[in-house]
Amino acid sequence: MTFDINSINGHEPLINYPWRTEVDILLSWLKNQDSSKKAFYFDLIMSAAYIDATSGLEKNIEACSNTPTDYNAYLGFINLCSPCYSNGGKWSYQKAAKPQSGALGKLSSEVILRFIEKLYPELEKVIAVGGTETADAILKHSNGMIILAEVKSAPLLTYPFVFKVKESCLNGEHEKLTITNSQLRECYSAIYLHNNQYIELGKVGDHLWPFKSLVDFLVNPSNRFFINTITALWLEAKNAYSQKDRSNKIYYLANASGNPPKIAKENNSWPKSESISDSKTSVGMDRTDDIKKGIYQSLKIGTQLKSNPEFKTALISNLPAYRHGKEYVTPFINMYWGLEEDIKNIEGTQAIMLEDLRRVFDFIITLEEPILRNINL
């Protein structure tokens with residue numbers, strides 16, 4: 001099978017988003033940071049992308065008295081109000097805001113591909129394909145190798161937003177606001193980082209909101225101590241998610257935390273049929289359906305390109321499968337496969353030569369704990 005990377009009908013990651021320049025500024029600064037900080041910043045950018053893709057924001061925001069001083073309204077992407085939970089000890093249900101239909105997968109894929117492209121210097125070119133059966137992305141390595149990849153990514157924490165709105169717009173605790181889009185654009189905002197920590201983002205109507213203010217804060221050297229503090233909280237959430245440690249309070253603020261404990265329904269009238277966030281929001285490549293599809297697609301690509309050793313396969317994500325990796329990924333890491341037609345009689349023994357075998361997937365390219373074999377990215 002012949003393959004020309006320049007003939008692929010794809011595009012540069014995030015090329016169609018006006019805030020790509022801000023992401024690139026952040027990624028230039030991130031190159032020399034540790035892997036956890038890169039993964040944490042992916043979550044921050046994805047949270048900004050979520051709110052950017054959510055239409056009718058004014059219809060999703062509710063009044064909340066547990067927000068930090070100077071703010072009085074809240075919007076989140078899980079069903080649990082973080083300020084009520086972390087500051088007030090209340091399990092306040094607020095229906096998660098939903099980005100436009102079909103936007104989540106595309107956004108997550110494009111953001112992680114831009115991260116990979118900029119943070120792995122040995123990659124000369126990254127093309128987001130999507131919508132084809134070939135692959136989700138095509139990567140060109142400086143050694144001439146072409147990597148066809150399946151992309152499955154999702155944030156660990158989707159950070160919520162708080163707003164300062166006029167008192168006349170408030171309708172009571174966790175009630176929808178009476179506010180128009182133009183009124184909301186004049187409101188000051190912040191991204192809420194849990195435990196009453198936040199980053200001010202200016203007015204909703206500001207140019208390139210919320211990306212510009214967020215990135216300006218993150219790359220400012222004077223904010224290093226604060227950033228290290230919230231990175232440590234992110235790491236705590238990662239450990240709680242990985243170990244399903246429900247005794248850690250931050251567990252329920254991470255994606256795929258499932259249902260709240262009984263006390264939420266008994267004391268805070270949590271709706272019986274509602275979870276905080278379900279398995280569809282599993283972190284990184286940790287959703288089992290995504291892992292199965294990714295491995296199948298990698299095998300399918302491998303069969304199409306088996307005779308071309310310069311072509312490799314990969315799974316790309318922000319984070320590895322922390323919960324399901326041992327069961328669904330690890331058994332395939334060192335596995336080879338071959339075709340019956342390649343079986344040869346060698347000194348009276350039927351065998352397949354190593355050069356006729358392929359791996360189930362050659363690489364898992366992630367921001368933390370990647371599997372890169374013997375290549376440099």
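The values are calculated or read from the model by the stated rules, or taken from the named source; none is laboratory data. Given the structure is predicted, the values throughout are model-derived calculations rather than measurements. Cβ: placed from backbone, ideal geometry, glycine included. Neighbour counts: every protein chain shown. These accessible areas exclude ligands, DNA and RNA; they are computed on the full protein's heavy atoms, side chains included. Shrake-Rupley method; radii C 1.70, N 1.55, O 1.52, S 1.80 Å.
A few notes on this one:
- Rolling a 1.4 angstrom probe over the protein heavy atoms with all chains in place gives the stretch 293-377 an accessible area of 55 Å² per residue.
- By average C-beta atoms within 10 angstrom, highest first, the peptides 262-275, 55-68: 55-68, 262-275
- Label-point separation, Glu173 to Ile25 (7 Å along Cα→Cβ), nm: 4.0 nm
- Debye, to nearest 20: dipole size of the chain, +1 on Lys, Arg Cβ, -1 on Asp, Glu Cβ: 820 debye
- Given charges at beta-carbon only (K, R positive; D, E negative), |dipole| of the stretch 139-274 in Debye: 300 debye
- Separation of alpha-carbon centers, the stretch 155-175 and the stretch 306-356, rounded to whole Å: 49 Å
- With every protein chain in place, the stretch 89-180: carbon and sulfur % of accessible area (1.4 Å): 49 percent
- Solvent-accessible area per residue for the stretch 1-136 (1.4 angstrom probe, square angstrom): 40 Å²
- Extension gain from Met145 to Ser55, taking 0.36 nm per residue of separation minus the Cα-Cα distance: 28.3 nm
- Taking other residues whose beta carbon is less than 13 angstrom from the beta carbon of Val204, and scoring Lys, Arg as +1 and Asp, Glu as -1, yields -1.
- Prolate/oblate/rounded call for the stretch 10-64, Cα gyration tensor, a/c under 1.5 rounded: oblate
- Computed over every Cα-Cα pair of the stretch 228-377 and binned at 5 Å starting from 0, the pair-distance distribution P(r) comes out as 2, 8, 14, 16, 14, 12, 10, 7, 6, 4, 3, 2, 1, 0, 0 percent.
- Reciprocal of mean inverse Cα separation for the stretch 88-227 (Kirkwood radius, Å): 18.6 Å
- Convex hull volume of the chain per residue (C-alpha atoms, cubic angstrom): 149 Å³
- When the alpha carbon gyration tensor of the stretch 144-225 is reduced to an equivalent ellipsoid, its three semi-axes come out at 32, 18, 15 angstrom, largest first.
- Per-q log10 I(q)/I(0), the stretch 185-288, q = 0.13, 0.21, 0.22 Å⁻¹ (Debye; single scatterer per alpha-carbon; no solvent): -0.67, -1.11, -1.13
- Whether the stretch 302-377 is rounded, prolate or oblate, judged on the alpha carbon gyration tensor where a/c under 1.5 counts as rounded: prolate
- Per the chain, cysteines lacking a partner by the 4.7 Å Cβ criterion: Cys64, Cys169, Cys187
- The alpha carbon convex hull volume per residue for the stretch 82-142 rounds to 121 Å³.
- Ordering of 250-260, 32-42, 107-117 by packing is 107-117, 250-260, 32-42, highest average first (other Cβ atoms within 10 Å, averaged per residue).
- The stretch 26-128: C-alpha gyration tensor shape, a/c 1.5 cut-off, then a/b vs b/c: prolate
- Accessible surface of the stretch 304-374, 1.4 Å probe: 49 percent of it comes from carbon and sulfur atoms.
- Value of Rg to Rh for the stretch 252-294 (Rh from inverse mean 1/r over Cα pairs, i.e. Kirkwood): 1.13
- Each peptide among 280-288, 82-90 gets the average number of other Cβ atoms lying within 10 Å of its residues, and from highest to lowest they stand as 280-288, 82-90.
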